[in-house]
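Report on one structure; see the data block that follows.
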Amino acid sequence: MSNTYDWRDSSDSDLSQGMEMATEAAREARQTGDKQREAAFHDDLNTMLDRAQERGWFRRSS
(Lines give C-alpha, C1' and ligand atoms only; values in the text may rest on other atoms or scores of the structure.)
Protein backbone atom coordinates (compact mmCIF):
# COMPACT_ATOMS: atom_id res chain seq x y z
CA MET A 1 0.00 0.00 0.00
CA SER A 2 1.31 3.44 -0.87
CA ASN A 3 1.49 6.34 1.54
CA THR A 4 -1.01 9.00 0.61
CA TYR A 5 -0.03 12.63 1.14
CA ASP A 6 -2.26 14.14 3.81
CA TRP A 7 -2.75 17.64 2.29
CA ARG A 8 -3.42 19.24 5.71
CA ASP A 9 -0.40 21.54 5.47
CA SER A 10 -0.86 22.45 1.81
CA SER A 11 -2.12 25.79 0.59
CA ASP A 12 -5.55 26.08 -0.97
CA SER A 13 -3.88 26.65 -4.32
CA ASP A 14 -1.75 23.51 -4.00
CA LEU A 15 -4.76 21.44 -2.95
CA SER A 16 -6.81 22.72 -5.87
CA GLN A 17 -4.01 22.09 -8.35
CA GLY A 18 -3.44 18.62 -6.88
CA MET A 19 -7.11 17.80 -7.34
CA GLU A 20 -6.99 18.88 -10.98
CA MET A 21 -3.87 16.83 -11.66
CA ALA A 22 -5.20 13.73 -9.87
CA THR A 23 -8.48 13.97 -11.76
CA GLU A 24 -6.68 14.09 -15.09
CA ALA A 25 -4.35 11.25 -14.08
CA ALA A 26 -7.29 9.07 -13.01
CA ARG A 27 -9.02 9.81 -16.31
CA GLU A 28 -5.89 8.86 -18.25
CA ALA A 29 -5.50 5.65 -16.22
CA ARG A 30 -9.10 4.73 -16.97
CA GLN A 31 -8.59 5.34 -20.68
CA THR A 32 -5.52 3.10 -20.74
CA GLY A 33 -7.18 0.39 -18.67
CA ASP A 34 -4.83 0.70 -15.69
CA LYS A 35 -7.35 -0.04 -12.96
CA GLN A 36 -4.81 -0.16 -10.14
CA ARG A 37 -3.45 3.29 -11.01
CA GLU A 38 -6.96 4.67 -11.43
CA ALA A 39 -7.95 3.34 -7.99
CA ALA A 40 -4.86 4.89 -6.42
CA PHE A 41 -5.70 8.31 -7.84
CA HIS A 42 -9.29 7.99 -6.66
CA ASP A 43 -8.01 7.23 -3.15
CA ASP A 44 -5.84 10.36 -3.33
CA LEU A 45 -8.80 12.39 -4.56
CA ASN A 46 -10.96 11.16 -1.69
CA THR A 47 -8.32 12.43 0.76
CA MET A 48 -8.17 15.75 -1.07
CA LEU A 49 -11.96 16.07 -0.99
CA ASP A 50 -11.92 15.43 2.76
CA ARG A 51 -9.38 18.23 3.23
CA ALA A 52 -11.37 20.60 0.99
CA GLN A 53 -14.52 19.87 2.97
CA GLU A 54 -12.66 20.51 6.25
CA ARG A 55 -11.70 23.92 4.83
CA GLY A 56 -15.32 24.72 4.08
CA TRP A 57 -15.06 24.65 0.31
CA PHE A 58 -18.43 22.93 -0.07
CA ARG A 59 -20.56 24.79 2.44
CA ARG A 60 -23.77 26.17 1.09
CA SER A 61 -24.46 29.84 1.62
CA SER A 62 -27.76 30.72 3.27
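How would the stretch 1-51 be classified by its alpha-carbon gyration tensor: rounded, prolate or oblate, with rounded meaning a/c under 1.5 and the a/b versus b/c comparison settling the rest? Mind dumping the intermediate values first?
Numbers: a/c = 3.02, a/b = 1.68, b/c = 1.80.
Oblate.
Rounded to the nearest whole Hz, the Karplus-based 3J(HN,Hα) values (6.51 cos²θ - 1.76 cosθ + 1.60, θ = phi - 60°) of the stretch 45-56 follow the sequence 4, 4, 5, 4, 5, 4, 5, 5, 5, 4, 7, x, with x at glycine and proline. Other residues lying with their Cβ under 12 Å from the Cβ of R27 contribute a combined charge of -3, Lys and Arg counting +1, Asp and Glu -1. Distance between the modelled labels on L49 and Q31, one decimal in nanometres: 2.2 nm (7 Å Cα→Cβ projection). Among the trypsin sites (Lys or Arg not before Pro) in the stretch 24-59, those located in a DSSP loop and surrounded by at most 11 other Cβ atoms within 10 Å of their own Cβ are R59.
With protein chains left intact and a 1.4 Å probe, residues in the chain average 80 Å² of accessible area per residue. Across L15, L45, the residue with the most accessible area heads the list, and the full order at a 1.4 Å probe is L45, L15.
Phi-derived couplings, Karplus 6.51 cos²θ - 1.76 cosθ + 1.60 at θ = phi - 60°, listed residue by residue for the stretch 20-32: 5, 5, 5, 5, 5, 5, 5, 4, 5, 4, 5, 5, 8 Hz, with x used for Gly and Pro.
For the chain, with all protein chains present and a 1.4 Å probe, just round the carbon and sulfur fraction of the accessible area to a whole percent.
Details: 2210 of 4980 Å².
For the chain, the apolar C and S fraction of the accessible surface comes to 44 percent.
The values are calculated or read from the model by the stated rules, or taken from the named source; none is laboratory data. Everything numeric here is computed off the predicted structure, so don't read it as measured data. All Cβ positions, glycine included, derive from the backbone under ideal geometry; neighbour counts span all protein chains shown. Ligands, DNA and RNA are excluded from the accessible area calculation, which covers all protein heavy atoms including side chains. Shrake-Rupley method; radii C 1.70, N 1.55, O 1.52, S 1.80 Å.
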